[in-house]
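Worksheet for the structure shown next.
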Amino acid sequence: MKPDERVDVSFRILDGAEGTELLPAGTKADHIRQAPEWEVRERWMLGAVTLRVGNLVMEAEQMPLLDVGLSLEFALRDLALHGRSDLSFSDGSLLIRFIRDADLVDVTRWQSTAPREWRVTTTGSASYVQLAAAAARFLRAVLDLCTQGCPDLLLNNEIERLYRHAAVREFGEAQVIRHAQMVRRRLQ
C-alpha cells in the first residue's frame with residue numbers, strides 16, 4: 001500500500017473562545033502557575049480535533065487539545081519502538097490504531113458498536129515521517145494559539161516545558177519574545 005498524500009492533524013477552538021476563555025471559568029494567575037500537569041492536560045484548552053490521513057477523517061469535539069497532542073506524540077513514539085500503537089479517547093467510543101511496516105504506517109479508525117465490540121470504519125496510510133511532522137505541527141499550533149491568547153499560561157511549569165520542547169527550533173520572533181517576557185515575569 002502506498003502512503004496517502006494528505007496527512008494533517010488540526011484543531012479549532014470551540015464557540016470562538018479566546019485567551020482566558022480556554023481555561024475553566026474563574027481560573028486566576030496563581031492557579032495557572034501552580035496547576036498540576038493532569039489538570040493542564042485534561043481540563044484546559046478544549047477544542048475540536050481533526051485527524052486526516054488520506055480517506056481517514058476522524059473528528060472529535062470537546063477534546064483537551066494538549067492531551068490529544070501529547071497522546072499522539074506518545075503513540076507515535078510507541079509505534080516507532082514496537083511497530084503498533086493505539087490511541088483511544090476518554091469516552092471510549094473511538095480507537096485509532098497505528099501499524100508500522102518499515103516507514104509505512106497504516107492508520108485504522110475503530111468505532112465502538114457495543115460494549116467490547118468494535119468495527120473498522122476507515123483506513124488510511126502515511127509515512128511515519130509525515131505523521132510525526134503533522135503531530136509536531138499540531139502541538140506547536142495549539143501551544144502558540146493558547147499562549148498568544150493567554151500569555152499567563154507560560155507561568156505554568158508544564159506549559160512552559162512543553163512550549164520549549166515544541167518550539168525550540170520552529171517558532172518565530174513573536175513566540176520567542178512572548179516566552180522571554182514570561183520567563184522574566186516568573187523570575188520576579
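Largest first and in whole Å, the equivalent-ellipsoid semi-axes of the chain read 31, 19, 14, each the square root of five times a Cα gyration tensor eigenvalue.
Using C-alpha pairs below 8 Å separated by at least 6 residues, the relative contact order for the chain is 23 percent. Peptide packing for 132-139, 98-105 was compared via the average number of neighbouring C-beta atoms within 10 Å per residue; ordered from the highest value, the list is 132-139, 98-105. What the Cα atoms of the stretch 149-188 give is an Rg and a Dmax of 9.4, 28 Å.
For a quick protection proxy, order the peptides 75-84, 145-154 by their average other-Cβ count within 10 Å, most packed first.
Values: 75-84: 15.1, 145-154: 20.6.
With the highest mean Cβ count within 10 Å placed first, the list reads 145-154, 75-84.
Here, each number is a calculation from the coordinates, and none is a lab measurement. Please read these numbers as outputs of a predicted model, since none were measured by experiment. In this analysis, Cβ positions are derived from the backbone assuming ideal geometry, glycine residues included, and neighbour counts consider all displayed protein chains.
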